[in-house]
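**Student:** I have a structure I would like to understand better, so I am pasting it below and will then ask my questions one at a time.
The values are calculated or read from the model by the stated rules, or taken from the named source; none is laboratory data. As the structure is a computational prediction, the values presented were derived from the model and not from experiment. Cβ atoms come from the backbone with ideal geometry, glycine included; neighbour counts cover every protein chain shown. What goes into the accessible areas is simple: the full protein's heavy atoms, side chains included, and nothing from ligands, DNA or RNA. Shrake-Rupley method; radii C 1.70, N 1.55, O 1.52, S 1.80 Å.
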Amino acid sequence: MSEELLIKPIAHIYTDFTEKFGIPRQSGLIDELKGRIVFEPQYRRAEALKELDGFSHIWLIWHFSQADAKEFSPTVRPPRLGGNRRVGVFASRSPFRPNSLGLSCVKLEGIDYEGENAPVIYVSGIDILNGTPIFDIKPYIPVADLKADAAEGYTADTKNYFADVDFPDSLLSKIPENKRSALIKILKNDPRPSYKADEAQRYGLSFAGFNIVFDADGKKIKVKSVEKI
């Protein structure tokens, strides 16, 4: 028996990322990346968030709105594995999955109950595109969610990859001071797919209203220009 369920966004999240390139591959990798969650009018109810501020972190269930898969593929190629090694889609966090659902654990920075469109939730450690629909919000509960003996699978081999970043002060100074640390960490995490890591190439990254152009070769990244969009 086939059953289809219709789910609608309860909110949208607003971040500094207007395109997918540069977004961290997982939530929590860059604490400085902020997000603002604005509820749809029918869900703007303060009582729906009662006691949420007692939790330090929350889970977001959201939509990969720019990655809807046309056909089901049982395997995917995680970028960190070099582009040739395939793993099962359900053994990955690839955006190309049957229902295009994303899951992120983010830090709850605060809730604004008084401003425009209140209540508005502020979070950090995001890995989500600007304007992404949010389907649900749940508290992170350490006794249930933290598994100290969890196995890391193939991610154990890729988690410590970092690039060497050369960001001249004359260019970094063009970026607002409160965005600089996050941008440097985005580059250190190397937004390129691993199969391109050995190719000398120029890239453009859109972040916080700026276009950052950089050259990359191996593990070395050098920023060449910063222009306001």
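**Student:** Does Lys188 qualify as being in contact (Cβ under 8 Å) with a residue 60 or more places away in the chain and open to solvent by 80 Å² or more (accessible area, probe 1.4 Å)? It would help to see each step written out before you state the result.
**Tutor:** Values: in contact (Cβ under 8 Å) with a residue 60 or more places away in the chain: no; open to solvent by 80 Å² or more (accessible area, probe 1.4 Å): yes.
Here the answer is no, as Lys188 does not meet what is asked.
**Student:** Restricting attention to segment 27-44, does a residue exist that is closer than 11 Å to Pro133 by Cα, surrounded by fewer than 16 Cβ atoms within 10 Å (Cβ to Cβ) and either out of contact with any Phe, Trp or Tyr (no Cβ under 9 Å at 6 or more places or on another chain) or touching a residue at least 12 places away in the same chain (Cβ under 8 Å) (or both)? Even if it seems obvious, please write down each step before you answer.
**Tutor:** The first filter runs over segment 27-44 and keeps only residues closer than 11 Å to Pro133 by Cα, leaving 37-40.
Still in the list and also surrounded by fewer than 16 Cβ atoms within 10 Å (Cβ to Cβ): 40.
Narrowing the set further to residues that are either out of contact with any Phe, Trp or Tyr (no Cβ under 9 Å at 6 or more places or on another chain) or touching a residue at least 12 places away in the same chain (Cβ under 8 Å) (or both) leaves 40.
So far as segment 27-44 goes, yes, one or more of its residues are closer than 11 Å to Pro133 by Cα, surrounded by fewer than 16 Cβ atoms within 10 Å (Cβ to Cβ) and either out of contact with any Phe, Trp or Tyr (no Cβ under 9 Å at 6 or more places or on another chain) or touching a residue at least 12 places away in the same chain (Cβ under 8 Å) (or both).
**Student:** With the condition kept exactly as written, say whether any residue in segment 204-216 is open to solvent by 40 Å² or more (accessible area, probe 1.4 Å) and under 22 Å from Gly28 (Cβ atoms). Break it down into steps so the answer makes sense when it comes.
**Tutor:** Quick first cut of segment 204-216, residues open to solvent by 40 Å² or more (accessible area, probe 1.4 Å) only: 211, 215.
Those still in the list that are under 22 Å from Gly28 (Cβ atoms) too: none.
Looking for residues that are open to solvent by 40 Å² or more (accessible area, probe 1.4 Å) and under 22 Å from Gly28 (Cβ atoms), one finds none in segment 204-216, hence no.
**Student:** Okay, next question. Filter segment 176-209 for residues that are of a type in the set (A, V, I, L, M, F, W, C) and within 18 Å of the chain's Cα centre (by Cα) and give the result. It would help to see each step written out before you state the result.
**Tutor:** Of the residues in segment 176-209, the ones of a type in the set (A, V, I, L, M, F, W, C) are 182-184, 186-187, 197, 200, 205, 207-208.
Ala182, Leu183, Ile184, Ile186, Leu187, Leu205, Phe207, Ala208 - these are the residues of segment 176-209 that are of a type in the set (A, V, I, L, M, F, W, C) and within 18 Å of the chain's Cα centre (by Cα).
**Student:** For Leu60, are the conditions met, namely being surrounded by 15 or more Cβ atoms within 10 Å (Cβ to Cβ), within 16 Å of Gly110 (Cβ to Cβ), touching a strand residue (DSSP E or B) at 6+ places or on another chain (Cβ under 6 Å) and touching a residue at least 60 places away in the same chain (Cβ under 8 Å)? Before you say what the answer is, go through the steps one by one.
**Tutor:** Details: surrounded by 15 or more Cβ atoms within 10 Å (Cβ to Cβ): yes; within 16 Å of Gly110 (Cβ to Cβ): yes; touching a strand residue (DSSP E or B) at 6+ places or on another chain (Cβ under 6 Å): yes; touching a residue at least 60 places away in the same chain (Cβ under 8 Å): yes.
It is true that Leu60 is surrounded by 15 or more Cβ atoms within 10 Å (Cβ to Cβ), within 16 Å of Gly110 (Cβ to Cβ), touching a strand residue (DSSP E or B) at 6+ places or on another chain (Cβ under 6 Å) and touching a residue at least 60 places away in the same chain (Cβ under 8 Å).
**Student:** Any idea which of Gly115, Gly88, Gly102 is surrounded by fewer than 12 Cβ atoms within 10 Å (Cβ to Cβ), of a type outside the set (Phe, Trp, Tyr) and closer than 25 Å to Asp145 by Cα? Quick ask: steps written out before the conclusion?
**Tutor:** On the way: Gly115 fails: closer than 25 Å to Asp145 by Cα; Gly102 fails: surrounded by fewer than 12 Cβ atoms within 10 Å (Cβ to Cβ).
None of the other options fit; the residue is Gly88.
**Student:** For Tyr154, only one of the following conditions fails: (1) in a loop (DSSP other than H, G, I, E, B); (2) at pLDDT below 95. What is its number?
**Tutor:** Condition not satisfied by Tyr154: (1).
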